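The values are calculated or read from the model by the stated rules, or taken from the named source; none is laboratory data. Only a predicted model underlies this, so the values are computations on that prediction, with no experimental measurement involved. Using ideal geometry, Cβ is built from the backbone for each residue, glycine included, and neighbour counts are taken over all protein chains shown. These accessible areas exclude ligands, DNA and RNA; they are computed on the full protein's heavy atoms, side chains included. Shrake-Rupley method; radii C 1.70, N 1.55, O 1.52, S 1.80 Å.
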Amino acid sequence: MNNTLLKLAAGTTLALGSIMISATATAQKVDPAVQAVMDRSFREQGIAKLDRIQQDEIQALCSDEKFRDSPEGKKKAEALQAAALAAIKPPSDGKYLGNWATGEKIAQSGRGATWTDSLKTVNGGGCYNCHQVSKQEISHGTIGPSLLGYGKTRGNSDVILTYTWNRISNSKAYNACSNMPRMQHFNLLTEQQIKDVMALLLDPASPVNQ
Ligand code: HEC
């Protein structure tokens, strides 16, 4: 997986050597000494700008383990999940499924959004970096659950279509500290690309469901 996808996925703790950032979810203040190390340790290159080392509210919550596991932190997580869910855009034409063969290529590709890419680079989804998706591809990661037989076991009901669309668009809508990159939230995949990986998971003809 490329570094950016990994970083975008890292909603948990951003670690630099032995130094960890712990921001309270309410104030989100970073220790100035830590911030200084962060500022010195990264530089901009190409399309990769320094705003990438700023955590958003949900990442900051997940980085602060003590607060995250407190009753107040759990309430905050629920509120942030609800906000993430409400912000997901459904497909503009109401059609959830694209082309599974294109989806397979997107799932294989971890390209995009790195300093060696340009704004014109077509991003991949890097799904295989974390998931088993088909039997044919034996090189896959295990950070996420296996998606083999995804459509075969779940079917194509409206509930499954919406859930799968939302999961791919913003996994943090269901689990604030999910390690899955927020594909729609960060514009990592276009609407058509999300439709194509949807078809990869749900089309009965897709290798996922054989
Ligand atoms: C950095 C790792 C990572 C990447 C890349 C990734 N995922 Fe995930 N995914 C996860 C994890 C971890 C979960 C488990 C749920 C959670 O985090 O809450 C998950 C959950 C899911 C689920 C829900 C599964 C279920 O049984 O409910 C779907 C569907 C899914 N991913 C699809 C995809 C697709 C499609 C792609 C590529 C576009 C992708 N994922 C890329 C880590 C990843």
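Within region 118-132, residues that are closer than 16 Å to L147 by Cβ have Cβ atoms under 8 Å from residues that are of a type outside the set (D, E) and more than 13 Å from the ligand (Cβ to nearest atom) in these pairs: Y128/S139, counting only partners at least 6 apart in sequence or on another chain.
I'm checking my understanding of the structure. Among residues of region 50-91 that are polar (S, T, N, Q) and buried (at least 17 other Cβ atoms within 10 Å of the Cβ), which one is farthest from C177 (Cα to Cα)? Spell out the reasoning first.
If we filter region 50-91 for residues that are polar (S, T, N, Q), which is where we start, we get 54-55, 59, 63, 70, 81.
Okay, now just the ones that are also buried (at least 17 other Cβ atoms within 10 Å of the Cβ), so 55, 59, 63, 81.
Details: Q55: 13, Q59: 7, S63: 9, Q81: 9 Å.
Filtering region 50-91 for residues that are polar (S, T, N, Q) and buried (at least 17 other Cβ atoms within 10 Å of the Cβ), the one farthest from C177 (Cα to Cα) comes out as Q55.
What's the total number of residues in region 129-150 that are near the ligand (Cβ under 10 Å from one of its atoms) and open to solvent by less than 10 Å² (accessible area, probe 1.4 Å)?
Applying the first criterion (near the ligand (Cβ under 10 Å from one of its atoms)) to region 129-150 yields 129-131, 133, 141-147, 150.
Now drop any that are not open to solvent by less than 10 Å² (accessible area, probe 1.4 Å), which leaves 133.
Of the residues in that region, 1 qualify.
Taking the criterion of being over 16 Å from L188 (Cα atoms) and part of a loop (DSSP other than H, G, I, E, B), the residues of region 44-60 that qualify are E44, G46, Q54, Q55, D56. Against the list (1) within 14 Å of the ligand (Cβ to nearest atom); (2) not in a loop (DSSP other than H, G, I, E, B), the condition K76 fails is (1). In a residue-by-residue description of region 158-176, the property of being modelled with pLDDT of 95 or more, among the charged types (D, E, K, R), closer than 19 Å to A87 by Cα and open to solvent by less than 30 Å² (accessible area, probe 1.4 Å) applies to at least one position.
I want to confirm something. Restricting to region 36-49 and keeping residues that are modelled with pLDDT under 90 and exposed (fewer than 15 other Cβ atoms within 10 Å of the Cβ), which single residue is farthest from the chain's Cα centre (by Cα)? If you could, list the steps in order and put the result at the bottom.
Start the filter on region 36-49 by keeping residues that are modelled with pLDDT under 90, which leaves 36, 38-39.
Right, trim to exposed (fewer than 15 other Cβ atoms within 10 Å of the Cβ) and you get 36, 39.
Numbers: A36: 28, D39: 25 Å.
Within region 36-49, the match that is farthest from the chain's Cα centre (by Cα) is A36.
With the requirement that a residue be surrounded by fewer than 18 Cβ atoms within 10 Å (Cβ to Cβ) and touching a helix residue (DSSP H, G or I) at 6+ places or on another chain (Cβ under 8 Å), what does region 178-194 give you? If the condition is that a residue be surrounded by fewer than 18 Cβ atoms within 10 Å (Cβ to Cβ) and touching a helix residue (DSSP H, G or I) at 6+ places or on another chain (Cβ under 8 Å), then N179, F186 are the ones that fit.
For (1) touching a Gly at 6+ places or on another chain (Cβ under 9 Å); (2) more than 12 Å from the ligand (Cβ to nearest atom), each residue gets a yes or a no:
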site: N156; (1), (2): no, yes
site: L161; (1), (2): no, no
site: I168; (1), (2): yes, no
site: C177; (1), (2): yes, no
site: P181; (1), (2): yes, no
site: N187; (1), (2): no, yes
site: D203; (1), (2): yes, yes
